[in-house]
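Okay, structure first, notes after.
FYI, it's all coordinate maths here, none of it is from the lab. Source: prediction; values computed, not measured. Note: ideal-geometry Cβ built from the backbone for every residue, glycine included; neighbour counts use all protein chains shown.
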Amino acid sequence: MKYCNSLTAFSRFQTREVMVGNLGFGGNNPIRVQSMTTANTMDTLATVEESIRMIKSGCELVRITAPSKKEAENLKNIKEELLKRGYSTPIVADIHFTPNAAEIAAKIVEKVRINPGNYADKKKFEEIEYTDKSYQEELDRIREKFIPLVKICKEHKTAMRIGTNHGSLSDRILSRYGDTPKGMVESAMEFLRICRDENYHEIILSMKASNTRVMVQAYRLLVYEMMKENMNYPLHLGVTEAGEGEDGRIKSAVGIGALLADGLGDTVRVSLTEAPEFEMPVAHKLLNHFENYKDHSVIEPVNEYPLNPFEYQKRKSNTVLNIGGKNVPIIKADFSHKKKITPASFFALGYNYSVPLDKWHISDMAADYVFVGDHELDFEVPGTLGVIYNYKRWKTHKKGYPCYRVEEYLEESDKSEKMNMIYTAYSDVSASLIDKLKTDKSAVLLLDTHNKNTIAELRRFIIKLINNNIKTPVIIGKGYENLSEQQLQISASSDLGSLLLDGLGDGIFIYAPKCSSDQKINSLGFGILQATRTRISKTEYISCPSCGRTLFDLQETTAKIRKVTDHLKGVKIGIMGCIVNGPGEMADADYGYVGTRPGKITLYKEKNIVMKNIDEEEAVDALIDLIKEHGDWVEK
C-alpha cells in the first residue's frame, strides 16, 4: 500500500536525475515549472514570442506540439531563433499518433513527450475482446514501432516523457483493465519496460486526468508499482483540462497539491484555458505553499493505515442533521469576525432576501451553516441556514447550535438535542474525549491545525478516529492569514481538497477574514467540493489549455458556451480544440464540443459522435439543442 516515504513526516520521494538539455529533473533538483505554447508550430515567430513570454513568467521547459513531420522539422527554426535571442530554455516536442514526427523531433529538441494511448496504439472506442495471444501480438507491434524512437533518444541524449492520459487509454488497455488508474499505470509501464530493455532511462512519467480523484490515485499507484520494481523515475504532475479562472486554479491545486503534500512530483504544469504565461504564477504559488513543509512539527506516525489510497471510499460517519452519513459535505461560513451582522451580510453566502415577497431566495451555492461567535441576531435567518454560536453565548438563548471548546464539551452537560459542534486540534485528543464521542450521536467535530504540514496532521487526526471506531462527523477547518486572494485559493484547495479526495471530511470551514471577501471564500469552498467530486453545485467545464493543434479560439469559445450553460447544475461539458483532446481527454464529459478542422465542430454525447463538421457559427446553438434533446436543459 506504500506510495510515499511517510504519511506523517514530510520528505520528497527520491527519484533519479534526468537531464533535459542542461536542466536537471528529479534527484536533488528543485521542482521544475513548465507550460505549453498555443501558437501554430509552423508560425515560427509567433511560437518564439509566446515561448519568451512564458520563460519570462517562470517557465523552465517549453512544450510545443508537433502533430506531423513538418511541425517537427520546424522545431529546428524555433530553437535557433530562441537561441539567437538569448534563450536556451529546453524544448519538449508533444507527440500524438505520429511516430515519424517523434523521431524527427528527438534529433532536434531536448525532450519528446509521447502518449502511450495513441503512439502506435489504437483508440477507436471499440469493444474488443483480446486474448492473451492477440494482446501480446499488439505489444510486439508497439515494440517494433517504438524502439526506433528509443534508439534515437539514446543516441542524441534526448529525454522522454511517457505521459498517460486517462481519456486516451487504448482499446487494448481498456479491454483488460477498464477505464481505471490501474489501466493508466499499466499503459505507461508497457512502454517503460521497452525502454528498460533497451537500457534507456532518461524518462519522466505522468498520469494525467481531468478527474482529480483518478489523477491522484493513478500517480500513487504508479509510485507503488515503481517501488515494487525498484524504479524511481521523476514525475511530471498535472490535472489535464483543468479549465479557466477560479475553477481551473482550484482543480489544479487540489490534484497537484495532494501529491506534492506527500513528497511526490519533480515538475508541474498547471493546465489553464488561458494564455500560457498565466500558468506559471499559479504553479509557483502552489510550490510556495509547500516550501516549508519539511520544517513541520512532529506528527505521530501511522502504524495502521485504514484507507486504500488507490480507491475512493468515503469515511463512514453518523448522520447529524444534514452533516455526515450519506449527505454531501457541508459548507460552514465564518461571520464571527464581523462588527455587525445584518440580513444583507448573508447575500455573500448565496442567500438573497426579497422585500416584496418577504422571503429568502437560496442559490445552489448557499452555505449550510454560519458561525457567528458571540453575536446576537435580531432578525429571522433563512430556514435552511444553521447558525452556530460560541457555547457560552448559545447557553443564554438556546437558539441555533453550540460550538464548544474541548474542555467545555467534557465538563458541561448542557447540550443541544440536535447538534453539538466541538472545536478541536490533534493535541486535544484524549481518552476521555474518545470515550465521550463514542456514545454521543449529536456530536460534530470541527478539526483545526496550526501545523505547517496541515494535510498530514488533519489526516492523522481522522485516522485516529477511524482506528478507534469513532464515527463522529468531521468538519475540516483551516485558518489563513495575510494571503492574496489567489494564494488563498491555491492553499485552501491543496489543504482541504487533498483530504476530501480520500473520503475524509463531512464539510469544510475556511477562516480567512483578511484574505478575501465573504462571497469569494464561499465560492472557494464550493469550488473545492466540486473539484473533488464530493458535491456538485454548478456546471463543470473540461476545457483544454489550447496548443498549436487547436482549431478555434478556446478562450472565446469557452466563455461563449459558459455564458449560455452555466446554470446547468451537474452537467459536464468538454470543450476541446482538436481531435487529440477530443473524445479521449473529455472522457468524463456528458457533452463534447470538439474542433475537427478549421471552422468546423463535431458534437459528442459522452464518447459518441452525434453531429459532425457543423459550422462554428452554428455549433453553440446545436450544442444547446443536443442538451435539450437528452433532457438535461433547464431554463435560467
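Miscellaneous remarks
- Fraction of beta bridges assigned by DSSP in the stretch 330-531 that are antiparallel (%, nearest 5): 10
- Stokes-Einstein translational diffusion, the chain - Kirkwood Rh over all Cα pairs, 1.567 mPa s, 4 °C, in µm²/s: 50
- Principal-axis tilt of helix 454-467 within the chain, Cα atoms, nearest 10 degrees: 70
- Potential lengthening of the chain between GLU556 and ILE609 amounts to 16.8 nm, from the contour at 0.36 nm per residue minus the alpha-carbon distance.
- Normalised size of the stretch 1-57, defined as Cα radius of gyration per 2.2 N^0.38 Å with N residues, equals 1.67.
- According to the Cα-based calculation, Rg over Rh for the stretch 330-531 is 0.96, with Rh computed by the Kirkwood formula.
- Estimated from the Cβ-Cβ distance and a Förster radius of 22 angstrom, the FRET efficiency linking GLN136 and ASP197 is about 0.90.
- Here is the P(r) of the stretch 30-92: all C-alpha pair distances, binned every 5 Å from 0, give 4, 20, 33, 26, 11, 5, 1 in whole percents.
- Each principal axis of the Cα cloud of the stretch 18-295 was taken in turn, and the coordinate range along them, longest first, works out to 53, 44, 33 Å.
- Nonlocal amide H pairs with MET611, under 5 Å, H built at 1.01 Å: LEU603
- Neighbours of LYS520 by Cβ distance under 9 Å: Lys/Arg scored +1, Asp/Glu scored -1, total -3.
- Enclosed volume per residue, in Å³, of the convex hull spanned by Cα atoms of the stretch 307-408: 150
- With the largest listed first and rounded to whole Å, the semi-axes of the equivalent ellipsoid of the stretch 124-241 from the Cα gyration tensor are 22, 20, 13.
- Nearest-ten-degree value, helix 616-629 long axis tilted from longest Cα axis of the chain: 50
- Given charges at beta-carbon only (K, R positive; D, E negative), |dipole| of the stretch 330-531 in Debye: 120
- DSSP beta bridge pairing in the stretch 32-167, given as percent antiparallel to the nearest 5: 0
- DSSP beta bridges in the chain [antiparallel fraction, %, rounded to 5]: 25
- Farthest toward the positive end of the dipole of the chain, out of ILE78, ALA344, ASN451, is the Cα of ASN451, where the dipole comes from beta carbon charges about the Cα centre.
- Size of electric dipole in the chain: Cβ of Lys, Arg +1 and of Asp, Glu -1, about Cα centre, debye, nearest 20: 800
- Charge tally in the Cβ shell below 11 Å around ARG249, where Lys, Arg are +1 and Asp, Glu are -1, ARG249 excluded: -4
- Packing here is the average count of other Cβ atoms within 10 Å per residue, and on that basis the peptides 355-365, 10-20, highest first, run 10-20, 355-365.
- When the chain is described by a simple charge dipole with +1 on each Lys and Arg Cβ and -1 on each Asp and Glu Cβ, the residue from ILE114, ASN468, PHE310 located farthest towards its positive end is ASN468.
- Between LYS418 and SER484, the distance separating the two model label sites (each 7 Å from Cα on the Cα→Cβ line) works out to 4.3 nm.
- ILE573 sits among other residues whose Cβ lies under 9 Å from its own Cβ, and their net charge, with Lys and Arg +1 and Asp and Glu -1, is 0.
- By average C-beta atoms within 10 angstrom, highest first, the peptides 278-286, 474-482, 625-633: 278-286, 474-482, 625-633
- Its Cα centre serving as origin, the stretch 28-110 has a Cβ charge dipole (Lys and Arg +1, Asp and Glu -1) of approximately 140 debye.
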